[in-house]
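Below is one structure, written out as structure tokens, with a few remarks after it.
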Amino acid sequence: MTTELAERRKGQALALFVAAAGLIGIAAVTVGIETRASRPDLASGPVVPGLHDTIGTGRRIIITSSDASYRIERAQRGNESIWVMRDRGDYPVLGGRLAQLTQGLEQLHFTRRMTTDPAKFDRLGVGDPRHGGRGVLVQIEDGRGALLVNLILGTVPTAGQNIVYVRRPGENQAWAAEGPLPPLRDVASWLNLRPLDLPVERLMHVEISPAQGRPYILDRGADASWNPAQSPADLTKAVHDNLRNLGVEVLDVVNLRIVGATHAPTEGSIEERFTALADLQRRGLIRHLGLSNVTSAQVAEAGRIAKVVCVQNQYNLAHRDDDALIDELGRKGVAYVPFFPLGGFSPLQSQALFDVAQSLDATPMQVALAWLLRRAPNILLIPGTSTRNHLRENLVAAALVLPQQAIERLDGIGSTNIR
């Protein structure tokens, strides 16, 4: 009897234990659901709602960061509508990279709510680059200038994931999001830098016409090296080629470009080459002579051979090696024509420039051109442009008045040698 009672009680205890375990499990699941639902840091949903329906109206993409800023716009080439890099002489951009950006933005979705403390924004990379922050500002406008996308992105590499921190300009809430976005700080990744798919050995003669600056010619030597075509015979041939191609009997101005270092002239005699052009001038084929990429000593040497009417060297807000030469030429009535006035392949980047432009309701490039025009009366500008709208933007610089305070801030850019 005692044994049966003990067995019965043991069975009842086991049943109670199983029931209790089941209740605990249900409670654990319930607590887990409630905990997940009550976590305010979790988030979901698209970062840019409805972008799939509106992205087709996009006409302009503006990327701003501390490393590089550039603008991509839709342009009409004949019957074809293409996207071009406005800040690179309207160079066409890669369609695949454009699709990566737009599709990545469409797929970008929130995963977690982050900080609201502005002091922590740069840790996440979402500081506004227009105010010295480390983020990348991505703006996409439609044809009326309305913003379809306006986000500050701060990508943080995470193995096997596409994690990015995001924030809307003017808001203090930062978020974690996920989406397959392409690199945005590397301008070159947007450009097709191999326009000619030709074996190098097939190239023997190359004429280079930069967006800013005079064209020059390279010929392959007997040892297969590339040499500037700057012998007297080469220069004479080039002048006759220009006369024939332009259909004129005389060239108004011919600049002798000295091919030296990439970003600065190098010393050396230019007598033989400049004399060849002076001879063509005396024969009535050239009206005026100029120089490009030269030093003060080379200007003086050329002046002893023939009159020099202009000098074309690299000069801009950040690159001011020619300050003394500009003043020297001004006293002699010689024009100074800066090439790369906006920085060339490394567009000007400076917080001071952006701040001044914002205060004047102008673009940084307009301010940079206005500063050059004010720098000296003998400066003539030749900023590259290939569209009417771009030309109109450049012309605004001629009427832009720079207050003294703005001038002082801009003058300080060169002293810090920002490039």
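Being of a type in the set (Val, Ile, Thr) and assigned to a helix (DSSP H, G or I) is the filter; apply it to segment 291-339 and report the residue that is surrounded by the most Cβ atoms within 10 Å (Cβ to Cβ). Please lay out each step first, then the result.
Restricting attention to segment 291-339, the residues satisfying the condition of being of a type in the set (Val, Ile, Thr) are 294-295, 299, 305, 308-309, 311, 326, 334, 337.
If we keep only those that are assigned to a helix (DSSP H, G or I) too, we end up with 299, 326.
Working: VAL299: 21, ILE326: 19.
Filtering segment 291-339 for residues that are of a type in the set (Val, Ile, Thr) and assigned to a helix (DSSP H, G or I), the one surrounded by the most Cβ atoms within 10 Å (Cβ to Cβ) comes out as VAL299.
Determine which member of the set ILE72, ILE82 is surrounded by fewer than 16 Cβ atoms within 10 Å (Cβ to Cβ) and farther than 30 Å from SER44 by Cβ. Let's see the steps before the verdict.
Working: ILE72 fails: surrounded by fewer than 16 Cβ atoms within 10 Å (Cβ to Cβ).
Exactly one of ILE72, ILE82 is surrounded by fewer than 16 Cβ atoms within 10 Å (Cβ to Cβ) and farther than 30 Å from SER44 by Cβ, namely ILE82.
Going through segment 91-110 one residue at a time, which ones are at pLDDT 90 or above and not in a helix (DSSP H, G or I)?
Within segment 91-110, LEU108, HIS109, PHE110 meet the criteria.
Does segment 25-47 contain at least one residue that is in a helix (DSSP H, G or I), farther than 24 Å from PRO169 by Cβ and either modelled with pLDDT of 50 or more or assigned by TED's automatic domain parsing to the domain that holds GLY127 (or both)?
Applying the first criterion (in a helix (DSSP H, G or I)) to segment 25-47 yields 25-38.
Cutting the leftovers down to farther than 24 Å from PRO169 by Cβ gives us 25-38.
Filter again for either modelled with pLDDT of 50 or more or assigned by TED's automatic domain parsing to the domain that holds GLY127 (or both), leaving none.
There is no residue in segment 25-47 that is in a helix (DSSP H, G or I), farther than 24 Å from PRO169 by Cβ and either modelled with pLDDT of 50 or more or assigned by TED's automatic domain parsing to the domain that holds GLY127 (or both).
Of the residues ALA370, ALA406, which is surrounded by 14 or more Cβ atoms within 10 Å (Cβ to Cβ), in contact with a Ser or Thr (Cβ under 8 Å, 6 or more places away or on another chain), modelled with pLDDT of 85 or more and assigned by TED's automatic domain parsing to the domain that holds GLY333?
On the way: ALA370 fails: in contact with a Ser or Thr (Cβ under 8 Å, 6 or more places away or on another chain).
The match here is ALA406.
Just one of the numbered conditions (1) at pLDDT 85 or above; (2) buried (at least 18 other Cβ atoms within 10 Å of the Cβ); (3) out of contact with any Pro (no Cβ under 8 Å at 6 or more places or on another chain) is not true of HIS52; which one?
For HIS52, the failing item is (2).
At pLDDT 90 or above, small (Gly, Ala, Ser) and closer than 19 Å to VAL253 by Cβ: which single residue out of ALA300, ALA376, ALA335 fits that description?
Numbers: ALA300 fails: closer than 19 Å to VAL253 by Cβ; ALA376 fails: closer than 19 Å to VAL253 by Cβ.
Criteria check complete, one pass: ALA335.
Out of segment 348-367, which residues are free of Cβ contacts under 8 Å to residues at least 60 places away in the same chain and surrounded by fewer than 17 Cβ atoms within 10 Å (Cβ to Cβ)?
SER359, LEU360, ASP361
For segment 94-124, how many residues are in contact with a Gly (Cβ under 7 Å, 6 or more places away or on another chain), touching a residue at least 60 places away in the same chain (Cβ under 8 Å) and over 20 Å from GLY58 (Cα atoms)?
Residues that pass the stated criteria total 2.
The values are calculated or read from the model by the stated rules, or taken from the named source; none is laboratory data. Only a predicted model underlies this, so the values are computations on that prediction, with no experimental measurement involved. Neighbour counts are summed over all protein chains in view; Cβ atoms, including those assigned to glycine, are modelled from backbone coordinates with ideal geometry.
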